[in-house]
Amino acid sequence: MTTTPDTDTTAVSVAPAGRPPLPTPAVGWPGVLLRALLALIATLASYLLLLALPSVPGLDPAPDAIAGNWGAAVFKQSVPILTVPLLSIVFIALLVRFVDRRPWRVTGLTLDARTVPALLLGTVISLVVVVPASVLFTRLQLTAAAPGYGSQPLWVVVAGSLLLGYGMQGMTEEFIWRGWLTQSIGGSPWRQATIAAVTFGLIHVVSNGGHAVWWQGAIYIVAAGSFGFAAAALYFATGSLWAAVGIHGGLHLGNMLASLLGGGEGWPLEIFQTVVYLLIGAAILRRVPSASA
């Protein structure tokens, strides 16, 4: 299967600074649906070792955590967590080779001089969006304060947030949904960002954020999609996929920092984040070359 257009949609070359200047044909809706399904399968498959490794003797971190051996507990937890982004890279390589039949560099999975600045930029954006609003909403009693982290040392809380936010979710989901899927569906940056955001939001149907009421779960799904829209826009604008990883990991880091400052989570905050991330994404895309194509 190739990325030969199956509709008459005009192909647009998306090449902001640092992004591979290769033509990106726009596939039709059957191709979009197939690729979204493949992205979902790749995402779920990336967790296979994470689910299996804790059952290996000696890798269960719970006994060490109970005994207060936090260093060993964090190490044993990090090993399976880091297999998730590594497996995602394997599946992306297969998708690029057999679905797209295009060079690896189209995925944006590279390390260069922009990596750290882009990662920090994305992180700062999410921290500014999440932390002040979370604390303010909780003080106004619009959201409930986070339950806290029990007896865990602060460094363990921070390490866990970084591992989960950047390693397990940030890298894995951005590698697949922004790095692979956007270029595979093709078209203008607006088309790529919108389709990737909608499909990314819909996969959160299987995990509605723990909301017991359906409409709160729906808000959570929309919020995930709007966040994905901003992540794609930032990727296109900077030419570095690590900006998307940063804005993703920064969201989780922001939730952790907000909870330490007395903040919380809830649907009013998710509505706020939905609006802000959509505005950020739209503002960024307006400055991306060919965004109006």
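Below are the figures for this structure:
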| quantity | calculated |
| --- | --- |
| Members of segment 170-189 that are open to solvent by 10 Å² or more (accessible area, probe 1.4 Å) and either at pLDDT below 95 or not in a helix (DSSP H, G or I) (or both) | S188 |
| Residue satisfying condition, being within 30 Å of R286 (Cα to Cα) and modelled with pLDDT under 95, within set P16, P54 | P16 |
| Near pairs, Cβ below 8 angstrom, 6+ apart or cross-chain, from segment 155-171 (touching a residue at least 40 places away in the same chain (Cβ under 8 Å) and under 17 Å from A118 (Cα atoms)) to any residue that is open to solvent by 40 Å² or more (accessible area, probe 1.4 Å) and in a helix (DSSP H, G or I) | G165/H252; Y166/H252; G167/L82; G170/H252 |
| Qualifying position, being open to solvent by less than 60 Å² (accessible area, probe 1.4 Å) and assigned to a loop (DSSP other than H, G, I, E, B), among A26, A65, A73, A36 | A26 |
| Residue count for segment 140-150, restricted to those that are aliphatic (A, V, I, L, M), open to solvent by less than 80 Å² (accessible area, probe 1.4 Å) and in contact with a helix residue (DSSP H, G or I) (Cβ under 6 Å, 6 or more places away or on another chain) | 2 |
| Top-ranked residue of segment 190-214 - restricted to ones that are aromatic (F, W, Y) and touching a residue at least 24 places away in the same chain (Cβ under 8 Å), ranked as least open to solvent (accessible area, probe 1.4 Å) | F200 |
| Test: residue in segment 91-107 that is of a type in the set (S, T, Y), within 23 Å of A159 (Cβ to Cβ), outside any loop (DSSP other than H, G, I, E, B) and open to solvent by less than 80 Å² (accessible area, probe 1.4 Å) | no |
| Among (1) open to solvent by 60 Å² or more (accessible area, probe 1.4 Å); (2) at pLDDT below 90; (3) closer than 30 Å to Y149 by Cβ - the single one T2 does not satisfy | (3) |
| Filter result (in contact (Cβ under 8 Å) with a residue 60 or more places away in the chain and of a type in the set (V, I, T)) within segment 77-103 | I81, V84, I89, I92, V96, V99 |
| Members of segment 244-293 that are open to solvent by 60 Å² or more (accessible area, probe 1.4 Å) and either closer than 24 Å to G187 by Cβ or β-branched (V, I, T) (or both) | I271, V275, L278, L279, R286, R287, P289, S292, A293 |
| Selection within segment 271-293 - touching a residue at least 60 places away in the same chain (Cβ under 8 Å) and under 13 Å from F137 (Cβ atoms) | F272, Q273, V276 |
| Test result for L86, part of a helix (DSSP H, G or I), closer than 20 Å to I203 by Cβ and either modelled with pLDDT of 95 or more or touching a strand residue (DSSP E or B) at 6+ places or on another chain (Cβ under 9 Å) (or both) | no |
| Flag for L50 being surrounded by 13 or more Cβ atoms within 10 Å (Cβ to Cβ), over 19 Å from R178 (Cα atoms) and in contact with a Ser or Thr (Cβ under 7 Å, 6 or more places away or on another chain) | yes |
| Some residue of segment 231-243 being of a type in the set (A, V, I, L, M, F, W, C), touching a Gly at 6+ places or on another chain (Cβ under 9 Å), in a loop (DSSP other than H, G, I, E, B) and open to solvent by 20 Å² or more (accessible area, probe 1.4 Å) | no |
| Of all residues in segment 151-169 being polar (S, T, N, Q) and buried (at least 19 other Cβ atoms within 10 Å of the Cβ), the one that is farthest from L82 (Cα to Cα) | S161 |
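The values are calculated or read from the model by the stated rules, or taken from the named source; none is laboratory data. Given the structure is predicted, the values throughout are model-derived calculations rather than measurements. Heads up, the Cβs are rebuilt from the backbone with ideal geometry, glycines too, and the neighbour counts pull from every protein chain shown. In case anyone asks, the SASA skips ligands and DNA or RNA and just uses the protein heavy atoms, side chains included. Shrake-Rupley method; radii C 1.70, N 1.55, O 1.52, S 1.80 Å.
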